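Laboratory data are not the source of any read-out in this text; all were calculated from the coordinates shown. Every value quoted in this text rests on a predicted model; they were computed, and no experiment measured them. Note: ideal-geometry Cβ built from the backbone for every residue, glycine included; neighbour counts use all protein chains shown.
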Amino acid sequence: MITHASPASLNPVLRVAPAAPAEAAAHFRASLAFHADVSDVAAALAAGGDPGFVVVDSRSTESWDQGHIPGAVHLPTALIPEQAGRLLDLSVPVVTYCWGPGCNGATRAALALAELGYRVKELLGGFEYWAREGFAYDTWQGPARREPDPLTAPVEGECGC
């Protein structure tokens, strides 16, 4: 008698069963407590007034000069222990970023700030996705903006997510 393996045993997606809905909801809620989306940060900053958070660029001075989010505080990760108290208010949440998804500098900065008592989120995609989505940024030469990458930025009036 020939028996067929169940599709779940052959399928790498289902080899480990999905979490129960309540567990999944708790996980994704927690993820949103730790991460911020580039589009959401851009919208909050563009709304005018106090967005209720400060953006921190954790990269080197050379990287900062190439381009950074307007209004961001430049605080390289290595300098956080000695300078965060002078540059940041403990009562204001912080959103950290570095180059992009291939860099964990924002994660290291977020950890350093959390250990100092700051409430912190990490910007998903970092500066790379800020620029790729077509948001304005500042350079040592002045303001700049790139055309949105159609693979990352939604068509106007549509949300890709």
Positive-end residue, the chain charge dipole about Cα centroid, Cβ charges, pick of CYS98, LEU111, ALA131:
LEU111
What is the distance, in nm, between label points placed 7 Å from the Cα along the Cα-to-Cβ direction at LEU14 and at THR139?
5.0 nm
Given backbone amide H placed at 1.01 Å from N, residues whose amide H is under 5 Å from that of VAL95, ignoring those fewer than 5 places away on the same chain, are VAL54, VAL55, VAL56, LYS121
Mind checking the dipole of segment 23-147: about its Cα centre, +1 per Lys or Arg Cβ, -1 per Asp or Glu Cβ, Debye to the nearest 20?
80 debye
Of the candidate values [x] 153; [y] 182; [z] 144, the one computed for volume of the Cα convex hull per residue in Å³ from this structure is [y]
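Give the percent of DSSP beta bridges with both residues in segment 1-158 that are antiparallel, rounded to the nearest 5. List each step's numbers first, then the result.
On the way: 4 of 15 bridges.
So the antiparallel bridges in segment 1-158 amount to around 25 percent.
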Return, ordered by residue number, the residues of segment 32-76 whose backbone nitrogen is under 17 Å from a label point located 7 Å along Cα→Cβ of GLN83.
54-76
Within the chain, what's the longest stretch lacking GluC sites (Glu not before Pro) that sit in DSSP loops with no more than 14 other Cβ atoms inside 10 Å?
1-155
As I understand it, the value is the acute angle between the Cα axis of helix 105-115 and the longest principal axis of the Cα atoms of the chain; what does it come to in degrees, rounded to 10?
80 degrees
